[in-house]
Structure formats: C-alpha cells, structure tokens
Amino acid sequence: MPPEVPAELDAKRRRIVAELGQMGFVLPGSISVRTVTCGRPTCRCATDPDQRHGPYIQWSRTDRARKVNRILTPAQLETYRPWIDNLRRLRALTGELETLSLDAVHAAEGWKRSTNPEPSATCGAAP
C-alpha cells in the first residue's frame, strides 16, 4: 500500500504530470542567429557591419560527443524553436518532480531532510 502523501504535494505532482502530458516534441540543442563577414576585401561586408551576410539561423546540438550544426529557414525556426524550449521545460519539470518526490518520501516516513548540499560532495572525504 502506498504511503500517505500530503495533499499539497500530491496537488503539485498532479500539476507537473498534467503539464508533461500536454508537452509536444522535444529537441536538444540551441538556436543562434548570426550575421557574418565573408573575408573578401572588396565585399560590402568588409567595411560596413550593417551589410554583413545573413542572418543565418543555426541549430547546434551534440550527437555522440560530436557537435552537429544545421542551418534552418525562418519557417523551420518557427517550427522547431518550441521543441527546443520544450526540452528545457521537460528538464525543469523532472527536476521539480524529483524534489517533490523527495519531499513526499520524507513526509511519508517522517524523516528529516538532510542539510548536506550534495551527498557525493562528502563521499570519501576525510573527517
């Protein structure tokens, strides 16, 4: 039988789970929009920073320890930026759920919360 969890914690858990259920696709990485100079001394971009080439929309991510970059169109940016934002939100929500779960187990078992910031920070340390 599951332990009794305070109603406030369960309500927060239900809010997180509901938000997770509404979430769409997720993509790793980041998007940057850049303008560049081409390096030709006679080009307009060489003397006027407002005349640089671009803007170029670049999606960067890591795949198997290698950096992968893709140039996106403005339409692709509109489509995929929310997916990248979703991954950030997903990570935040799972962190909240983990903390909430720790609060729930401590409340259910009557345990005191540890005041150590990181258990691994003291592991193996000499007294």
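Please treat every number below as a calculation from the coordinates, not as lab data. Only a predicted model underlies this, so the values are computations on that prediction, with no experimental measurement involved. Using ideal geometry, Cβ is built from the backbone for each residue, glycine included, and neighbour counts are taken over all protein chains shown.
The set of residues in the stretch 1-36 being more than 31 Å from the chain's Cα centre (by Cα) and free of Cβ contacts under 8 Å to residues at least 40 places away in the same chain consists of Met1, Pro2. Out of the stretch 1-47, which residues are of a type in the set (Val, Ile, Thr), outside any loop (DSSP other than H, G, I, E, B) and more than 30 Å from His106 (Cα to Cα)? Ile31, Val33, Thr35, Val36, Thr47 - these are the residues of the stretch 1-47 that are of a type in the set (Val, Ile, Thr), outside any loop (DSSP other than H, G, I, E, B) and more than 30 Å from His106 (Cα to Cα). Looking across the stretch 52-63 at every residue that is more than 18 Å from the chain's Cα centre (by Cα) and free of Cβ contacts under 8 Å to residues at least 24 places away in the same chain, the one that is nearest to Met23 (Cα to Cα) is identified as Tyr56. Considering each residue of the stretch 38-47 in turn, none proves to be surrounded by 10 or more Cβ atoms within 10 Å (Cβ to Cβ), within 26 Å of the chain's Cα centre (by Cα) and not charged (D, E, K, R). Apart from one condition, Thr73 fits all of (1) exposed (fewer than 12 other Cβ atoms within 10 Å of the Cβ); (2) hydroxyl-bearing (Ser, Thr, Tyr); (3) in contact with a Ser or Thr (Cβ under 7 Å, 6 or more places away or on another chain); the exception is (3).
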